[in-house]
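Undergrad: Submitted below is the structure of interest, expressed as structure tokens.
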There are 2 protein chains.
Amino acid sequence: MDLSFLQDKIISGQTKIVMIIMDGLGGLPLEPGGKTELETAITPNLNSLAAQSELGLTVPVGPGITAGSGPGHLAIFGYDPIEYEIGRGALEALGVDFELGIKDVAARGNFCTVDTKGNLLDRRAGRLPTEISQELAKLLRTIKVEGVEFFIEPVKEHRFAFVIRGQGLGDALTETDPLKTGVPALKMHALRPDSEKTAICVNQFVDKARLLLANKQPANMILLRGFTKFPKIPMYQELFALNPAAIAVNGMYRGVARLAGMTILDLKGDTLIDEFSALEKNWNSFDFFYLHVKQTDTCGENGDFTGKVRVIEEVDAQIARLMALKPDVVIVGGDHSTPSVLKSHSWHPVPVLLYSKYARGNGITEFGEQACTHGSLGILPAKAIMPIALAHAGRLAKYGA
Amino acid sequence: MDLSFLQDKIISGQTKIVMIIMDGLGGLPLEPGGKTELETAITPNLNSLAAQSELGLTVPVGPGITAGSGPGHLAIFGYDPIEYEIGRGALEALGVDFELGIKDVAARGNFCTVDTKGNLLDRRAGRLPTEISQELAKLLRTIKVEGVEFFIEPVKEHRFAFVIRGQGLGDALTETDPLKTGVPALKMHALRPDSEKTAICVNQFVDKARLLLANKQPANMILLRGFTKFPKIPMYQELFALNPAAIAVNGMYRGVARLAGMTILDLKGDTLIDEFSALEKNWNSFDFFYLHVKQTDTCGENGDFTGKVRVIEEVDAQIARLMALKPDVVIVGGDHSTPSVLKSHSWHPVPVLLYSKYARGNGITEFGEQACTHGSLGILPAKAIMPIALAHAGRLAKYGA
């Protein structure tokens, strides 16, 4: 079922949908036969919501595939994460909250160290401190090339986001990073005619950067890779006739939400309480809210089982505030699993709960991986959640007479 | 999710995967409400493994589709069984352990009976005894045609595998079997230029066979159909970066495994014990093992419920030997169902168990059709099992950042 099939059946409405994404929600028990993080957490409010919800497990990309946050989010937002791929360059720019536009081509940049002959000694310039990167970025911003603009945004240590903006730019480009030392940075060239102007301008930029950085140590040169244009995905406004808002602390999630057409809401602080306050404050202005919880994933990545349990319990404590707003449809789920025993994202399906007054019950009063295995949604592709949510919100017309 | 998407994410490793395929594993109860063969079998070792595994039911080809052994195996091996079809000619050759190569075109052959005018009297020559077919095959092997080689391998009764080998052969050919009596065998012709040489050579072969067999009764002529080239499927080595081995007694399964790139291991005898001994003996030389159990299917086909139960119990008794090897991932499943009440293959999904230390529990301590219905893998396409197994074995990289 492709998006255009869905789009044809969309009907406007006044109903409101809230999607709470706990990043990396799915987990594993510490010992075989034990409980996962979500099953360990004491979640009276989520359990009570589960009793009025349909439960299931979402597969972000496909069986066995571990999803990054980009594809994981695109999938739960309703897009096919293989068809709509977000390149590394764009992710880097989105991650520092850069507002990528349709005239932009983004890349991942590294400060690096070269010897007097220009051969690479260290591709990461000794992972130089972020503060030095910030100073060097200011220097790079002084570079001008006729007809285009450049943006340099430090990320962390030696990494920066690189964006070139102008008319007629393309991203069919080779990379300047040879991925090994002892050789010089590569000259970039275009793989398609539509990218020739970009190659010329970027090569000029790199030549000027080489001169500017020549006397800096250890970061006396740059490498660029992962060139990507602004990823075009159908926006929620046209696709689903929704007026969507995003509540997220971290740049990358704000960025992906922006690609889908969501308005990024201001936050007073970066706590969960601030996020739910933003939901309350903006309740009347939008009909779709995506609220992102980062710390579940952070704890999972750190191997902090107890921490992840605690974050889930903190989310649980906010559920009453959410339900007091009387949303028509609530989705609570994740973009992928991040079991703390693995200290990384994983391929395991992700628990999901879909509340609406039209939910067909599961006879289950618990929100957890095993409970969701027996839920009425079954195990389903993550991209199927939005159509189901739209149906529960009365936003999808009948197909056929 | 196609295979090239998967292939891009493969990472090499040292982990080991074992896939035990009980042919025709899925069953049905003798009476409604009763237990299936697998549920009846006393399987303490499989049950204990189930408690540490993810359970599910595999659909070999699609809903309602009864799979033959060829597509059933391709699917559980990770290939789309509709995209990668193995033609009848190739299956016949694989079934007699013939090592099909890339210069070969294979067909199914029949000995038949014709009258003095050459019109067909019996397309199967009275299902003549296999021993007579073997004698006639020796005669056919004396036929020579310039520039190509022929191989004639008796199968059973009137059937034989026919292979033509040479440069520039194709399989876009009509068949010589008119599929009715009272008419002569058809002259073969090519449907594409790439198969013209083959048509000429095969017609010459048939003309010579007619003369050679003229005085034999009842088998005085041959029919050929189902021409197929060597089926090219991506091999496990390149596709999954695995070094795979197959343990199987019967030719067809060895043949399909060979197509996937598996090394066929020698067996001391043809018992289950011999098969598990081969697994132990070769444990250090490979990282993927496919072990095929034929008798479950044979008993199913014979309507022998009790026999099928006993074979499953015999497999259960070998599980300790398998687990003593400390495999990282174990799959126990089937290529299709063969319920003994049906005495044939069936469309019913097939129980599957996937053991790994990263298995998310089901809270189920039993391996059977009903238990698997509640498993954490759900009901899934058989071809999804390999990606999940590779993920559990740490062999798949993350998709997207």
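Undergrad: If you consider only alpha-carbon coordinates, what radius of gyration and Dmax does segment B:86-196 have, in Å?
TA: 14.2, 39
Undergrad: Looking only at Cα atoms, what is the convex hull volume of the protein assembly as shown per residue, in Å³?
TA: Dividing the Cα hull volume of the protein assembly as shown by its residues yields 206 Å³.
Undergrad: Evaluate the distance, in nm, between pseudo-label points positioned 7 Å from the Cα of A:T271 and of A:A401 along their respective Cα→Cβ axes.
TA: 6.0 nm
Undergrad: I would also like to ask the following. Counting partner chain Cβ atoms within 10 Å of every residue's Cβ in A:64-75, what's the average?
TA: 5
Undergrad: For segment A:93-156, state the semi-axes of the equivalent ellipsoid (square roots of 5 times the eigenvalues of the alpha-carbon gyration tensor), sorted largest first and rounded to whole angstrom.
TA: 23, 15, 11
Undergrad: Here's another thing I want to ask about it. Rank B:V59, B:F111, B:P32 by how far each Cα sits towards the positive end of the charge dipole of segment B:28-127 (+1 on Lys, Arg Cβ; -1 on Asp, Glu Cβ) and give me just the farthest.
TA: B:F111
Undergrad: Please tell me the relative contact order of chain A in percent, rounded to the nearest whole number, where contacts are Cα pairs under 8 Å and at least six residues apart.
TA: Averaging sequence separation for qualifying contacts and normalising by length gives 34 percent for chain A.
Undergrad: Something else about it: Given all pairs of different Cα atoms, what value in angstroms does the Kirkwood hydrodynamic radius of segment B:244-401 take?
TA: Taking every pair of different Cα atoms in segment B:244-401, averaging 1/r and inverting gives 17.0 Å.
Undergrad: Moving on to the next point. Arrange the peptides A:331-339, A:260-268 so that the one whose residues have, on average, the most other Cβ atoms within 10 Å appears first.
TA: A:331-339, A:260-268
Undergrad: In addition: For segment A:32-37, what does the Karplus curve 6.51 cos²θ - 1.76 cosθ + 1.60, with θ = phi - 60°, yield as ³J(HN,Hα) per residue in whole Hz, taken in order and with x for Gly and Pro?
TA: Result, ordered by residue: x, x, x, 9, 6, 4 Hz.
Undergrad: Which whole number of Å³ per residue matches the convex hull of the alpha-carbon atoms in segment B:142-236?
TA: Value for segment B:142-236: 133 Å³ per residue.
Undergrad: Amide H of A:F288: which non-local residues (sequence gap of 5 or more, or other chain) have their own amide H closer than 5 Å, using H built in the peptide plane?
TA: Amide H to amide H, under 5 Å and 5 or more residues apart or across chains, A:F288 pairs with A:I17, A:N243, A:A245.
Undergrad: What distance in nm separates the two pseudo spin-label positions at B:I42 and B:E314, each 7 Å out from Cα along the beta-carbon direction?
TA: 1.8 nm
Undergrad: Rounded to the nearest 0.05, what FRET efficiency do B:R124 and B:E83 have when you use their Cβ-Cβ distance and R0 = 45 Å?
TA: 0.85
Undergrad: Sticking with this one: What trypsin sites (Lys or Arg not before Pro) does segment A:319-401 have in DSSP loop regions with at most 15 other beta carbons within 10 Å? Show your work: numbers first, answer last.
TA: Numbers: sites: A:R321, A:K343, A:K357, A:R360, A:K383, A:R395, A:K398; in loops: A:K343, A:K357, A:R360, A:R395, A:K398.
Passing sites in segment A:319-401 are A:K343, A:K357, A:R360, A:K398.
Undergrad: I would also like to ask the following. Filter B:K208/B:K229; A:K35/B:K357; A:K35/B:K383; B:K103/B:K180; A:K197/A:K229 down to the pairs with a C-alpha to C-alpha distance above 20 Å, please. Mind showing how you got there, number by number?
TA: On the way: B:K208/B:K229 23 Å; A:K35/B:K357 14 Å; A:K35/B:K383 29 Å; B:K103/B:K180 32 Å; A:K197/A:K229 14 Å.
Pairs exceeding the cut-off: B:K208/B:K229; A:K35/B:K383; B:K103/B:K180.
Undergrad: Please report, for B:T174, the nm distances (one decimal) from its label point, 7 Å out from Cα along the beta-carbon direction, to the equivalent points in the remaining copies, shortest first.
TA: List, nearest first: 5.4 nm.
Undergrad: Kindly work out what percent of the DSSP beta bridges joining two residues of the protein assembly as shown are antiparallel, to the nearest 5. Numbers along the way, then the final one.
TA: On the way: 76 of 121 bridges.
Of the beta bridges lying entirely in the protein assembly as shown, close to 65 percent run antiparallel.
Undergrad: Please report the spacing between the Cα centers of segment B:338-392 and segment B:24-73 in Å, no decimals.
TA: Cα centroid to Cα centroid, the span is 7 Å.
Undergrad: For segment A:176-229, what is one quarter of the convex hull surface built on the Cα atoms, given in nm²?
TA: That works out to 4.2 nm².
Undergrad: Also, quick follow-up: How much net charge surrounds B:P71 when only the other residues with a Cβ under 10 Å from the Cβ of B:P71 are counted, with Lys and Arg +1 and Asp and Glu -1?
TA: Working: positive: none; negative: B:D80, B:E85, B:D335.
Net local charge, B:P71 excluded: -3.
Undergrad: Per DSSP helix of 4 or more residues, -39500 (n - 2.57); summed, then divided by the residues of chain B. What does that give at 222 nm, rounded to the nearest 500? Provide the component values of the computation, followed by the final result.
TA: Numbers: 14 runs with 126 residues, N = 401.
Helix contribution divided over all residues of chain B: -9000 deg cm²/dmol.
Undergrad: Let me ask something else. Using only the alpha-carbon atoms, how far is helix B:272-281 inclined from the longest principal axis of chain B? Give it as 0 to 90 degrees, nearest 10.
TA: With rounding to tens, the tilt is 70 degrees.
Undergrad: Any chance you could list P(r) for segment A:338-401, counting all Cα-Cα pairs in 5 angstrom bins from zero, rounded to whole %?
TA: 3, 14, 21, 21, 18, 11, 7, 3, 1, 0, 0
Undergrad: Separate question: Cα extents of segment A:30-69 along the three principal axes, largest first, in whole Å?
TA: Cα spread of segment A:30-69 along its principal axes, largest to smallest: 32, 27, 19 Å.
Undergrad: HN-Hα J couplings of segment B:121-137 from phi, Karplus 6.51/-1.76/1.60, θ = phi - 60°, integer Hz, Gly and Pro as x?
TA: 9, 8, 5, 10, 6, x, 6, 4, x, 4, 4, 5, 4, 5, 5, 5, 4
Undergrad: In whole Hz and in residue order, list the ³J(HN,Hα) couplings for segment B:6-15 that follow from phi through the Karplus curve 6.51 cos²θ - 1.76 cosθ + 1.60, θ = phi - 60°; x for Gly and Pro.
TA: With coefficients 6.51, -1.76 and 1.60, one gets 5, 4, 4, 9, 5, 10, 6, x, 10, 5 Hz.
Undergrad: Counting only other chains, and only Cβ atoms inside 10 Å, what mean value do you get across the residues of B:389-400?
TA: Numbers: counts 2, 4, 7, 4, 1, 1, 1, 4, 2, 13, 16, 21.
That works out to 6 on average.
Undergrad: Grab the eigenvalues of the alpha-carbon gyration tensor for segment B:1-102, scale each by 5, take roots, and send me the semi-axes largest first in whole angstrom. Working shown, then result.
TA: Details: eigenvalues 162, 95, 45 Å².
Largest first, segment B:1-102 gives 29, 22, 15 Å.
Undergrad: Here's another thing I want to ask about it. Could you give the size of the charge dipole of segment B:289-345 about its Cα centre, using +1 on the Cβ of each K and R and -1 on the Cβ of each D and E, expressed in debye and rounded to the nearest 20? Each step should come with its number before you reach the end.
TA: Details: 6 positive and 8 negative charges, 15 e Å.
Dipole size: approximately 80 debye.
Undergrad: Taking one equal scatterer on every alpha-carbon of chain B, how large is log10 of I(q)/I(0) by Debye at q = 0.12 1/Å?
TA: -0.95
Quick note: the coordinates plus some simple rules give every number you see, no bench work behind them. Predicted model only: the values in this text are computed from it and were never measured. So basically every Cβ, Gly included, is an ideal-geometry build from the backbone, and we count neighbours across all protein chains shown.
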